[in-house]
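Right, one structure below, let's go through it.
The values are calculated or read from the model by the stated rules, or taken from the named source; none is laboratory data. Since we're looking at a predicted model, the values are computed, not measured. Using ideal geometry, Cβ is built from the backbone for each residue, glycine included, and neighbour counts are taken over all protein chains shown.
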Amino acid sequence: MHYKIGEFSKITQLSIKTLRYYHEMGILVPSDIDEESGYRFYNEQSYERAKLIKLLREFDFTIKEIQEILETYEDEDDIKAYLLEKNDMIQQKINHYKKLQEKIMDYQTYKEVKIMLNQVQKIKVEPKLIASMTYVGKYQDVGQYLGKLFKSVGMNVKGKPFSIYHDDDYKEDNATVEVCIPIKKEISYQNIDTKTLPGGEALSLLHVGPYETLSDSYKVLTDYIKENDIETKSPIREHYIKGPGMLLKGNPNKYQTEIRILI
């Protein structure tokens, strides 16, 4: 059975404009085209293909994804596999948008950020025995690695945790971060370094508020260093005086993070 494009449009419930577009994209090519008139004709196989394309479009497959599927699939089992894969992709989008919702809600909470302006202080930092773990990844992973470190160190903890940032600039995904915990005595741990961290003179700035607004305090500290022509020593340390717990995150507006940099 052959159908003119108008007839095929009715039985597939695809507009003529859409059918022409699918033809251009190569995913639904007419079974025959009259050379003189240019009329497009479709057959039973075209109808089955159109049904599949409609199904995939309903499940939010892109035209490029449909092109790939139509070039490679062999039977219904292949279609089921593609649908499962799409389901995973949708779940990833859901998770992404949930995180965006959380950020939007957090932003409403963080509008009134407390920053200890003009409170840059010069302090003396004593050498400190620490256990540390270095990773390359995202800054947001600090909590995950600190959790591992706390679990390994156990009752040997002697003070608040902190992080050392070994890069001179901001890194999106491959930041080199060393998470640290002061310890009472040196013990050999698997995959964990123990060492004495050097002390010295340092600049200190207390940031009160969520981690998302730390950049404001970094600007205050950077401006202070430039205005006073102070020579600093990398890397920067962030000491988590008050922050989220292992199970509950608490009130981010009351987090206290001390930024230190040796001079």
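Being in contact with an Asp or Glu (Cβ under 6 Å, 6 or more places away or on another chain) and in the same structural domain as Ser152 (by TED's automatic domain parsing) is true for just one of Thr194, Thr213. Which residue is that? Quick ask: steps written out before the conclusion?
Numbers: Thr213 fails: in contact with an Asp or Glu (Cβ under 6 Å, 6 or more places away or on another chain).
Among Thr194, Thr213, only Thr194 is in contact with an Asp or Glu (Cβ under 6 Å, 6 or more places away or on another chain) and in the same structural domain as Ser152 (by TED's automatic domain parsing).
Can you tell me which residue in the stretch 166-200 is nearest to Tyr240 (Cα to Cα), limited to those that are among the acidic types (Asp, Glu) and in a strand (DSSP E or B)? Here the residue is Glu178. Only one entry of Arg49, Arg20 meets the criterion of being over 22 Å from Ile79 (Cβ atoms), assigned to a helix (DSSP H, G or I) and of a type in the set (D, E, K, R), and that entry is Arg20. Please indicate, with yes or no, whether at least one residue in the stretch 243-256 is surrounded by 14 or more Cβ atoms within 10 Å (Cβ to Cβ), touching a residue at least 12 places away in the same chain (Cβ under 8 Å) and closer than 20 Å to Asp167 by Cα. The answer is no; no qualifying residue exists.
Annotation note: Cβ proximity below 7 Å between a residue of the stretch 132-158 that is in a helix (DSSP H, G or I) and a residue that is polar (S, T, N, Q) (sequence gap 6+ or interchain) occurs for Val142/Ser163. What residue, of Ser204, Ser163, is polar (S, T, N, Q), more than 20 Å from Ala131 (Cβ to Cβ) and assigned to a strand (DSSP E or B)? Only one candidate passes the filter, namely Ser204. One residue alone among Tyr82, Tyr97, Tyr42 is without any contact (Cβ under 8 Å) to a residue 60 or more places away in the chain, among the hydroxyl-bearing types (Ser, Thr, Tyr) and in the same structural domain as Ile11 (by TED's automatic domain parsing), and that residue is Tyr42.
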